[in-house]
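**Q** This is the structure I want to talk about, given as structure tokens.
The values are calculated or read from the model by the stated rules, or taken from the named source; none is laboratory data. These numbers come from a predicted model, not from an experiment. Every residue, glycine as well, gets a Cβ built from its backbone with ideal geometry; the counts of neighbours run over all protein chains shown. Protein only, heavy atoms only, side chains kept; ligands, DNA and RNA dropped before computing areas. Shrake-Rupley method; radii C 1.70, N 1.55, O 1.52, S 1.80 Å.
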Amino acid sequence: MRALVLALIFPWLTLTASPLAAQATPAAETQAELPDVPLPAELDRVLRDYERAWNAGDAAGLAALFAEDGVILQSNQPPVRGRAAIEAAYASQGPGGSLRLRAFAFAVSGTVGYVIGGYGFGGSRRDAGKFTLALQRAADGRWMIFSDMDNTNAAPQARKPIDAPHPAAAPAARS
């Protein structure tokens, strides 16, 4: 019975592990970026207003693009909820810079929608990272950001497991 289980599991592990191994190859890292998609004007406005406020270092202007109970989810930062907290978070990040946003997917249905895209800085046409904006249509018809989640394209840093004991804290062996 054990041999039968191993005979069934081994091919499954081989098939499922190969796509994971392929993701770590240099070829996957140099893969072409997703192409831009044109946005409807009302969604494009959200991206352009975000760029303008970011580039001006206007934390209040950025926060005004969010729903009252909106959320930002930035890399290596805890979640931030609410316009006032969002404004404070952006203000603490200092002046903006030459942010460039582009979309490579979007959808809307009724009063909700999303935009998925890439971001970069300066004159570079390569994306430094990617984002997902969850959108909510306000009572006045304007699209507001409910959630802004972004992360960088940089390679992740190696981390120690959280629950790993510190070597100095390990008990001494008894004889």
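**Q** For residue 91, work out the one condition from (1) part of a helix (DSSP H, G or I); (2) closer than 26 Å to residue 34 by Cα it doesn't fulfil.
**A** (2)
**Q** If only one of 71, 108 is aliphatic (A, V, I, L, M) and under 17 Å from the mean Cα position of the chain (by Cα), which one is it?
**A** Every option except 71 fails the conditions.
**Q** For the range 53-64, which positions are within 18 Å of residue 98 (Cβ to Cβ) and in a loop (DSSP other than H, G, I, E, B)?
**A** 56, 57, 58
**Q** Could we say that residue 95 is out of contact with any Gly (no Cβ under 7 Å at 6 or more places or on another chain) and surrounded by fewer than 19 Cβ atoms within 10 Å (Cβ to Cβ) here?
**A** no
**Q** May I pose another question? Which pairs do you get when a residue that is within 20 Å of residue 39 (Cα to Cα), found in the range 114-133, comes within reach of a residue that is open to solvent by 40 Å² or more (accessible area, probe 1.4 Å) and acidic (Asp, Glu), reach meaning Cβ atoms under 8 angstrom, with the pair 6+ apart or on two chains?
**A** Taking only residues 6 or more apart or on different chains, the pairs are 118/33; 126/33; 127/33.
**Q** So, one more: Is it the case, given these coordinates, that residue 105 is surrounded by fewer than 17 Cβ atoms within 10 Å (Cβ to Cβ), among the small types (Gly, Ala, Ser) and modelled with pLDDT under 95?
**A** no
**Q** Can I ask one more? Which of the residues spanning the range 111-162 are of a type outside the set (Gly, Ala, Ser), assigned to a loop (DSSP other than H, G, I, E, B) and open to solvent by 70 Å² or more (accessible area, probe 1.4 Å)?
**A** Correct list: 111, 125, 126, 140, 142, 153, 156, 157, 159, 160, 161, 162.
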